[in-house]
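Here's the structure we're looking at; comments come further down.
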Amino acid sequence: MNKKIVIGSDHAGFNLKQKIKSFLTEQDYDVTDIGAFSSESVDYPIIAKEAAHKIVNGEFSKGILICGTGIGMSIAANKVKGIRAVVCSDTTSAKFSRQHNNANILCFGERIVGEYLAKDICYAWLTTDFEAERHLRRVNLLESEE
Ligand code: RB5
């Protein structure tokens, strides 16, 4: 399994990002942090697009983005062709977003999910594979609109 992950947040997701980064490092993931590096205010689209470009250019296959809700990060990342970013606040959605949607960016919000649920969501998302088959046709149809 490819264990290289890019992670990012804005100021509203900074504290949770630090905790998730430590958790993933303990799980032997090779985590690249693109900021924020403090709780000082930063605009989430800048971080989201940087992570998204690193994924579409092949540097990473998966990323995790954290803001206040996860919503702004997902909207921004999904503007980049080839990105399938999802906001998940539960582990079931996280698993299905991999199995059926082949999501390549996971987003969630520090103002929405607690630390331990966020860790479970990350674990579920990172350890679940895309099922392909009929879902591949549907995922390919998503790209025809980009
Ligand atoms: C920042 O206050 C907040 O708007 C941002 O973190 C995010 O929740 C946007 O969707």
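The values are calculated or read from the model by the stated rules, or taken from the named source; none is laboratory data. The model shown is predicted, which means the values in this text are computed figures rather than measured ones. Note: ideal-geometry Cβ built from the backbone for every residue, glycine included; neighbour counts use all protein chains shown. Just the protein is used for accessible areas: all its heavy atoms, side chains included, with ligands, DNA and RNA removed. Shrake-Rupley method; radii C 1.70, N 1.55, O 1.52, S 1.80 Å.
Tabulated values for the structure
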{"read-out": "Size of electric dipole in the chain: Cβ of Lys, Arg +1 and of Asp, Glu -1, about Cα centre, debye, nearest 20", "value": "260"}
{"read-out": "Accessible-area ranking of 119, 95, 3, largest first, probe 1.4 Å", "value": "95, 3, 119"}
{"read-out": "P(r) tail fraction, the chain - alpha-carbon pairs more than 19 Å apart, %", "value": "46"}
{"read-out": "Accessible solvent surface per residue of the chain, calculated while the other protein chains remain in place, 1.4 angstrom probe, Å²", "value": "50"}
{"read-out": "Out-of-range pairs (alpha-carbon distance over 20 Å; input 3/79; 4/79; 19/62; 21/81)", "value": "3/79; 4/79; 21/81"}
{"read-out": "Residues whose placed amide H lies under 5 Å from that of residue 103, excluding near-sequence neighbours", "value": "98"}
{"read-out": "Loop-located GluC sites (Glu not before Pro) in the range 1-98, at most 13 other Cβ atoms within 10 Å (DSSP)", "value": "40, 59"}
{"read-out": "Chain lengthening between residue 131 and residue 33 when straightened (0.36 nm per residue, less Cα-Cα)", "value": "32.4 nm"}
{"read-out": "Net length gained if the chain between residue 43 and residue 2 were fully extended (0.36 nm per residue, minus Cα distance)", "value": "11.8 nm"}
{"read-out": "Probe 1.4 Å - accessible area at residue 139, Å² to nearest ten", "value": "10"}
{"read-out": "Rounded to whole Hz, the Karplus (6.51, -1.76, 1.60) HN-Hα couplings of the range 125-130, x for glycine and proline", "value": "5, 6, 9, 10, 9, 5"}
{"read-out": "Accessible-area composition of the chain, carbon plus sulfur, in percent [1.4 Å probe]", "value": "49"}
